[in-house]
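Here is the structure we will look at.
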Amino acid sequence: MSDNPNIRHNMMANAIRALSMDAVQAANSGHPGLPMGAADIATVLFTKFLKIDPRQPNWADRDRFVLSAGHGSMLLYALHYLMGFEDMTLDEIKNFRQLGSRTAGHPEYGHAAGIETTTGPLGQGLATSVGMALAERMMNSRFGDDLVNHYTYVLASDGDLMEGISHEAISLAGHLKLSKLIVLYDDNDISIDGPLDLAESGDALGRFEAAGWFAERIDGHDPDAIEAAISAAQTRDKPSLIACKTTIGYGAPNKQGTSGVHGAPLGDEEIDLTREALGWTSEPFDIPSDILDSWRMAGLKHVSERKAWQERLDAQDSEISNRFKRVMSGDLPTRLEKAIQDYKKSLAENAPKLATRKSSEDALKAIVPSVPEMIGGSADLTGSNNTRTPEQEAVSADNYGGSFIHYGIREFGMAAAMNGMALHGGFIPYSGTFLVFSDYSRPALRLAALMGQRVIHVLTHDSIGLGEDGPTHQPVEHLAALRAIPNLLTLRPADATETLECWQIALEQSHTPSAMALTRQGLPALRLEYAEKNLSAKGAYELASADGEAQVTLLATGSEVHLAMEAKQQLEAENIGTRVISMPCFELFDQQKPGYREDVLGDTPVRIAIEAAIRQGWDAYLRPGDRFIGMESFGASAPADRLFEHFGITVDAIVKNAKDGLNT
């Protein structure tokens, strides 16, 4: 290869372009425009700045790179092959977008080494990177520069910046002065529909500057300008946006600069012309050895730095090094179990009547001191969600050592940032909003489930029981909507003891997020005897057996369990044997062996489910002819007790349905 640095850069960048257009063509599917247009940006970043070791891709102090424009996934796959990631082979590139390959249509966390987060839904990669950059600063405040000192880089598209979540993300990042967050904006003026000005005429740089960022525009095909901009960004005391003016599909003579190159193969004829225009003479998927050697040498650039870091970690006091390794691995401290059991005993003794949001706060007071890596937060509802404990200081630009984050009214941005913190490692993020506003954060919750990340969403005011705020704030369909997300635990505890158990469940999930639905209204204690075993862990269990022969089984969750218990008393007084099943988590119950599920559900003539929400999801546990007592419409504005009566979710209704069922 030529000793001329510009020629060398061009050939290395063209390797990305060639692999990308060849893979998309072979798959007859994909997005060649971004990889070809952003190849110069990526070449400078990966060869001159990005601190990674492809042979140790999980090095804790590596730089993070997030391809927020996930549709340009071949950019990332090409880079990983060229840099020498062992699992990204040429065969994987050739199998782009094929079933079972590591090279999915959009980058998927866990499918291949070095993919820091799943991207594709535009805006979420950028927002997730805010959580990564924040986690870096917070870990740095706890362990110092010797162990934690790295950057988070993002490649974002016009679409990322148009998505509403980008506003939440950049505002939060600017407020917290996340100076080690550097966003490279592929500023190509093209979207799927055509020129960007069909739908956008705003000042992107001005928006970032208003949010507290440094922002500048450069030539995205000038390697010297790219290098200078990144070098300067590393010296600033605020996050940086570098708008790199590029030509989408760079090198394709007839399609570059048009929407036609965004999301479709170039075609054989255009590929031949592109090879000619770029001076690329190699066959498809063939990278000349001198170019590949240059890339592989770049992949080895930070090996010595990684080894020096390992030596620094090994030289730490054992308490520090062990704690660092534990929190980065996600293991829970051994002392947590004792804290849970001690508090559980006190609940059995005191039988508190509390709203489960308050029970959650008390559980956190018992748990958080034993698990200091838990990072709380709220979307401007701290006093309502009860997610902050007395010892938790607020995180700020002046105090990254805090453990509570005021996210502001940014539910979606909050949920994405939580994903980023979990992906970075070192923390267990949890945060709160109202259950009805889980609609705002749902896309990030879905990605948490897809990626298998332990994030915990505290969702209070979980039914019409919140009362006077009315139907705009009363969730009706939300429990069903959350339960519809695969690999998400939706937990709805019935009293203080179940709330503690649900926190234990959520913390012990290493690859599953949790959503905890909690009440505004007070609930009586139902679990009056101490049990070391976590009864909620199987998702459902018999809370109360029938006094005699069981004729009725009542299934309920959360605030409706105590109604079932009161109905049982009335029915038993009339010699109608009644069982009560508490079902705090459908997903965990569904995982149990058939025999256990059959025993819990039983075979009584009458089975009734009670939940102040819609029926959807309950028919998995109801037989034809079984009854459901719940919501069939939106709520209303009134005191909670009036609402339960108005909508027929009462003890009297349960008793009547039980008797009617027996007389049918």
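Checking each residue in the stretch 584-600 for being buried (at least 20 other Cβ atoms within 10 Å of the Cβ) and either of a type outside the set (A, V, I, L, M) or closer than 23 Å to D652 by Cα (or both) picks out P584, C585, F586, F589. For L75, indicate whether it is in contact with a strand residue (DSSP E or B) (Cβ under 9 Å, 6 or more places away or on another chain) and closer than 24 Å to N140 by Cβ. So L75 fails the test.
Only a single criterion out of (1) in contact with a strand residue (DSSP E or B) (Cβ under 6 Å, 6 or more places away or on another chain); (2) in a loop (DSSP other than H, G, I, E, B); (3) hydroxyl-bearing (S, T, Y) is not satisfied by S510, namely (1). In the stretch 172-199, of all residues being over 23 Å from R62 (Cβ atoms), more than 22 Å from the chain's Cα centre (by Cα) and of a type in the set (G, A, S), the one that is surrounded by the fewest Cβ atoms within 10 Å (Cβ to Cβ) corresponds to A199.
If you take the residues of the stretch 338-358 that are in a helix (DSSP H, G or I) and of a type in the set (A, V, I, L, M), which of them is farthest from G383 (Cα to Cα)?
Going residue by residue through the stretch 338-358, those that are in a helix (DSSP H, G or I) are 338-350, 356-358.
Subsequent filtering for residues that are of a type in the set (A, V, I, L, M) retains 339-340, 347-348.
On the way: A339: 24, I340: 24, L347: 23, A348: 26 Å.
Among those that are in a helix (DSSP H, G or I) and of a type in the set (A, V, I, L, M), it is A348.
Residues that are within 27 Å of the chain's Cα centre (by Cα) and under 23 Å from A612 (Cα atoms) within the stretch 510-542 comprise S514, A515, M516, A517, L518, T519, R520, S536, A537, K538, G539, A540, listed in sequence order. The residues of the stretch 379-424 that are assigned to a loop (DSSP other than H, G, I, E, B) and open to solvent by less than 10 Å² (accessible area, probe 1.4 Å), listed by number, are A379, T387, T389, Q392, G402, Y407. Within the stretch 139-152, no residue that is open to solvent by 10 Å² or more (accessible area, probe 1.4 Å) sits with its Cβ atom under 6 Å from a residue that is modelled with pLDDT under 95 and in a strand (DSSP E or B) at 6+ positions apart or across chains. Residues in the stretch 575-614 that are closer than 21 Å to K659 by Cα and free of Cβ contacts under 8 Å to residues at least 24 places away in the same chain: D603 only.
Looking at this structure, is R62 open to solvent by 20 Å² or more (accessible area, probe 1.4 Å), within 21 Å of the chain's Cα centre (by Cα) and among the basic types (K, R)? Spelling it out, R62 is indeed open to solvent by 20 Å² or more (accessible area, probe 1.4 Å), within 21 Å of the chain's Cα centre (by Cα) and among the basic types (K, R). Of the helices (runs of 4 or more DSSP H) lying entirely inside the stretch 236-337, those containing at least 1 residues that are over 36 Å from the mean Cα position of the chain (by Cα) and loosely packed, with under 15 Cβ neighbours inside 10 Å are 268-278, 289-299.
Residues are listed down the side, and each one gets a yes or a no for (1) surrounded by fewer than 18 Cβ atoms within 10 Å (Cβ to Cβ); (2) farther than 18 Å from F628 by Cβ:
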residue	(1), (2)
R520	no, yes
P524	yes, yes
E549	yes, yes
E566	yes, yes
R579	no, no
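L273 falls short on exactly one of the conditions (1) under 29 Å from A204 (Cα atoms); (2) among the hydrophobic types (A, V, I, L, M, F, W, C); (3) without any contact (Cβ under 8 Å) to a residue 60 or more places away in the chain, and that condition is (1).
Scanning the stretch 615-640 for residues that are within 18 Å of C585 (Cβ to Cβ), part of a loop (DSSP other than H, G, I, E, B) and open to solvent by less than 60 Å² (accessible area, probe 1.4 Å) yields G617, Y621, L622, G630. Counting only strands (runs of 3 or more DSSP E) that sit completely within the stretch 541-591, those holding 1 or more residues that are of a type in the set (D, E, K, R) correspond to 541-544, 577-582. The set of residues from the stretch 76-99 being in a helix (DSSP H, G or I), open to solvent by 10 Å² or more (accessible area, probe 1.4 Å) and either not assigned by the TED database to the domain that holds T118 or not hydrophobic (A, V, I, L, M, F, W, C) (or both) comprises Y81, D91, E92, K94.
Tell me, which helices (runs of 4 or more DSSP H) wholly within the stretch 1-75 include 1 or more residues that are of a type outside the set (K, R) and at pLDDT below 95?
Values: elements: 5-27, 33-37, 39-48.
Answer list for the stretch 1-75: 5-27.
When restricted to residues that are assigned to a helix (DSSP H, G or I) and acidic (D, E), the stretch 126-145 contains 1.
A quick yes/no check of all residues on (1) farther than 30 Å from Q509 by Cβ; (2) in contact with a strand residue (DSSP E or B) (Cβ under 9 Å, 6 or more places away or on another chain):
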site	(1), (2)
T246	yes, yes
K255	yes, no
L300	yes, no
A308	yes, no
D314	yes, no
F324	no, no
P333	no, no
L336	no, no
D342	no, no
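The values are calculated or read from the model by the stated rules, or taken from the named source; none is laboratory data. Treat the numbers as computed from the prediction; the structure is a model and nothing was measured. Methodologically, a virtual Cβ is constructed for each residue, glycine included, from the backbone with ideal geometry; neighbour enumeration extends over all protein chains shown. We work out accessible area using only protein heavy atoms, side chains counted, and drop any ligands, DNA or RNA first. Shrake-Rupley method; radii C 1.70, N 1.55, O 1.52, S 1.80 Å.
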